[in-house]
1. Using alpha carbons only, how many angstrom separate the centre of the stretch C:20-95 from the centre of the stretch D:73-93?
2. How far, in whole Å, is the closest Cβ of chain D from the axis that maps D onto B, and which residue does it belong to?
3. Let me know the volume per residue of the alpha-carbon convex hull for the stretch B:122-210, in Å³.
4. Filter the trypsin sites (Lys or Arg not before Pro) in the stretch A:220-307 down to the DSSP loop ones having no more than 10 other Cβ atoms within 10 Å, then list what survives.
5. Would you work out which of A:196, A:185, A:172 lies farthest towards the positive end of the dipole of the stretch A:171-217? Charges go on Cβ: Lys and Arg +1, Asp and Glu -1.
6. Taking the Cα centre of the stretch D:52-108 as origin and charging only Cβ (+1 Lys, Arg; -1 Asp, Glu), how large is the dipole, in debye to the nearest 20?
7. Students often get this wrong, so check it: of A:83/A:136; B:136/B:216; D:178/D:214; C:214/C:258; C:83/C:136, which have C-alpha atoms separated by over 26 Å?
8. How many partner chain Cβ atoms sit within 10 Å of a residue's Cβ in peptide B:96-105, on average, as a whole number?
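Just so you know, all these numbers are worked out from the coordinates, no wet-lab data involved. These figures come from a predicted structure and were not determined experimentally. No Cβ is skipped: glycine too gets one built from the backbone with ideal geometry, and neighbour counts run over all protein chains shown.
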Protein chains: 4
Amino acid sequence: MDYQKILEEIEKDIAPELKRGKVADYIPALAEVDPNQFAMTITLENGQQFSVGKSQEQFSIQSISKVLAFSLAIDIYSKSLYKRVGVEPSGNPFNSLVQLEYESGVPRNPFINAGAIVVVDALMSHFGGDYSALEKVMNFTREISGNSEIKFDTLVATSEMEHASRNLSLAYLMKSFKNFDNDVTEVVRTYFKQCAIYMNTKDLSRAMMYLAFKGKDPISGKQFLTEAQAKRINALMLTCGHYDASGEFAFHVGLPAKSGVGGGIVAVVPNIMSVAVWSPRLNKYGNSHVGTLALELFTTKTGLSIF
Amino acid sequence: MDYQKILEEIEKDIAPELKRGKVADYIPALAEVDPNQFAMTITLENGQQFSVGKSQEQFSIQSISKVLAFSLAIDIYSKSLYKRVGVEPSGNPFNSLVQLEYESGVPRNPFINAGAIVVVDALMSHFGGDYSALEKVMNFTREISGNSEIKFDTLVATSEMEHASRNLSLAYLMKSFKNFDNDVTEVVRTYFKQCAIYMNTKDLSRAMMYLAFKGKDPISGKQFLTEAQAKRINALMLTCGHYDASGEFAFHVGLPAKSGVGGGIVAVVPNIMSVAVWSPRLNKYGNSHVGTLALELFTTKTGLSIF
Amino acid sequence: MDYQKILEEIEKDIAPELKRGKVADYIPALAEVDPNQFAMTITLENGQQFSVGKSQEQFSIQSISKVLAFSLAIDIYSKSLYKRVGVEPSGNPFNSLVQLEYESGVPRNPFINAGAIVVVDALMSHFGGDYSALEKVMNFTREISGNSEIKFDTLVATSEMEHASRNLSLAYLMKSFKNFDNDVTEVVRTYFKQCAIYMNTKDLSRAMMYLAFKGKDPISGKQFLTEAQAKRINALMLTCGHYDASGEFAFHVGLPAKSGVGGGIVAVVPNIMSVAVWSPRLNKYGNSHVGTLALELFTTKTGLSIF
Amino acid sequence: MDYQKILEEIEKDIAPELKRGKVADYIPALAEVDPNQFAMTITLENGQQFSVGKSQEQFSIQSISKVLAFSLAIDIYSKSLYKRVGVEPSGNPFNSLVQLEYESGVPRNPFINAGAIVVVDALMSHFGGDYSALEKVMNFTREISGNSEIKFDTLVATSEMEHASRNLSLAYLMKSFKNFDNDVTEVVRTYFKQCAIYMNTKDLSRAMMYLAFKGKDPISGKQFLTEAQAKRINALMLTCGHYDASGEFAFHVGLPAKSGVGGGIVAVVPNIMSVAVWSPRLNKYGNSHVGTLALELFTTKTGLSIF
């Protein structure tokens, strides 16, 4: 398939949609990004990449980082992790406290905020302090992306911490149910740093190759997860990767993928490729409007889908 | 792959588990079935079938019939159907009214009871009366299974109607939100008849080939749905096919599948095969205990999975 | 105190408010009532009455009838009734299913719809069929009001039955929890007939004297309830008498009272009097806008309040 | 009436019940109190007091302090306070987050934890820092009780702060809805100090005389609140004073009253008296088991009730 041509068609097709949707304005540092940008990159098994748009432009990966932290945690904790976080879709807006209360402080899955925060708490318990858990996530991200320059944006993390009330509320609720080990403020602060990792679509597409290829990055040859672990994370991305539009995304796109409010989405086509897309304006569910469209066009044009 | 050998291994592996779990005893006619039975059948593209266990024994397909009715409805109503029923996982036990009330009488997806009942209502509005909508579902089932003898069990349907209060409550709630056209009792009665369709694993495995092969039954060559429609139903089965254990099933098995309280589960491996399994005892989520195990063993042994 | 003068002052004070609020338009027969009417009547221990406005005009008492039915039921069932209906404020809009589901089909109190319907079900179980339970309520109403002409409006009852979906949903939900004995449709039909009782403010004020005077009507001298029973119904009216504005009403008016969507409110001043008021336009909580104001003015002007 | 004799009868009647129920063990400092104690004191208009049991023994007033703080706040803020906290019964267990989320961070009433915390926040905004708001509450308490020695127990406050996760969660949730002005931890710390005020039944009964007598303490002659304000607080105590057993308490006792998990309950008989009772063991709703019984016996024996 001529992937470059397909990407260029998509770039043309989505152009009229670039001004629809709104950027996440609750994070001032994100609100300043030029909202009408677009980038898309494919990485194949042999390392070959195809890109269109601003594929060198870095953006805040935000919730996509939840996949990275969970990949580390699943490897450390194995089954014991599931006592602290479930694997079911949540069926509610992405940061609702209702379900968390009814389910005794055990978040439904690691991709809603409460679940991601409890994963950070678990990593901090294992790796020691704030810094070392974060460093582990950073190093893992650098390794899977093959880019030792990956950083997080302190300004974004700090400005998120200023609007952290709901996440602090979630964390204290879990603590009240004894599902929390470390200092709440420290864990949430670390969580925001992790969310503030920035990458471009080339980095991001490259980074997810281990999930596209059964836990083993086919380019570096490194085995990061077992086949079963990789398969499970893909299942989670499919059922829970897009907040309360996960069903919609599975229905229309049909690929395991994870989105972030920075406008990024990364998807995997098992055994074939990883695709990253970025465009800052969001639809009403908090997922990139153009990013979602671009991936739907991609699966339509290529016939690639897991179903 | 030697599918027959794999099935025989599975049959041996699950034997010690055959007495775990409980049959659905709220339907007297189902409670009388010998609970320790097991059957499993694979159907390949060329029509070849492999079976173990009581693959000639018929059982009540129950909620699996929701896939059949939705397949008909999606073809008739296309996008307008989604105003009446969503495509998101529900995140709650399978017949909860809470979410239905918060979401103004629009059920989350067509595989929870409320959603399936509204699908029957839509079919009745389109096809005229009770009888003809049901006949359409029956005929569709006969056609996709290649078995013109498929029937529903009047006794099971009648005994379900005697315990229909919760479903009637759901239906009247939707009616109060104007999301209902026909007489509530008639629709629910038709719904129970549809649920009372009985088949064996050979029939059921054969019947789902249209979903495994992009809407076209490879054996008869008939195109029942478009490729996009088939892909979407598979996405729905993956995200919503197992009540409040859908995430768990995707996580452990990794195939689009639908279960029923009669103990049946049918799964598809896109472009490769359809698998039906049956064992009456249920786990705490209402899915066949041994059936779930058998499918997990199957994907582990064959490496077949969509992820 | 010169009650007549106080009532006349109130009539003048509320005049500018008579066109605010909306009548209950979901019941066509009620929507036809001239919405700008007002009436208010006080009945004292010696039987003396003071009235202003259209105190001869009859109106549909609607939810006020719940007090009548519960008075009968509490006498018959005593403590066993509380297994089927609670005595706590509901804290939710007046016909929500959420709480009913979380509390296993036992309605919070007899003044929300679900609770009132279960009370009718209990009366039907005790008195035999539909007709005789309804006749008992009618006869009780005639006796306490001293007016043997009290009737219900068949047209109102019939038109309510046409919009009964939510109440049928509530009733079937209770039935699914085994908290229902009789045919759902028959019970709901009887409930609507009871709600369609019509009276004027003179009748209504007179009728509640048994609650103002410890269970004994001081005019006829008949003891309808024990002192403890009367006190408990007053407590229920105070905590649950005005849907989700019960706290607001207690806070501003400070009297046990019950409202209905027909625009009537009846209040008792223990050991002193009963007050009925009527004006069809409702506030956003479903209580008479002017009726609520008139009672607030009344307690302010007279200093009468239980607090 | 011979109040002393009535109190002595009650003391005898409740004796067999003194070992039922459990003390609040989540606060270690409270768990150490001898659980089988009982005290009851009545204060009349002329200052005369009648007591039985350990009426000199001091206990932690806990949630009863919410009435004191609200009395101060209602006087300062008047109607503007109701934008931040409602006056409706909550219909849910006493510290549920569900309703708070559905109602956009505005707690239902000032006697549930979230409401009481927002009241402390409002007092801190008005009076400046932590210390001065707390001092105002302390001074008010000293003034109404006529006991300048009233203090709070630092040990109890500190040990509550160690189990503050749920309250911190509530406070951060309100903050996320912009219904919070001050530092969350500081407000919650102040709230716990206020809850840790300790008094005996003599002090407590004396302290509530301003609510029994229309805002004016009949003994000191000081007017603390307007008549309307006092009436409203009594209405709130009746509808919301006993967590999720408020309806039950109104139903069985029929007096405005407020309980605390320290085992205290204080009730007012408008225009007649104030009654305080204390016994540490709690019923399943978190109210003093024997205290509730004693008040029920009291209203039965004296015929005093507002209904």
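1. Going from one Cα centre to the other spans 27 Å.
2. Looking at chain D's Cβ atoms against the axis toward B, the nearest is D:102, 4.
3. In the stretch B:122-210, the Cα hull volume divided by residue count equals 106 Å³.
4. The qualifying sites are A:284.
5. It is A:196, whose Cα lies furthest towards the positive end.
6. On the way: 6 positive and 5 negative charges, 23 e Å.
It comes to approximately 100 debye.
7. Too far apart for the 26 Å limit: D:178/D:214.
8. 4
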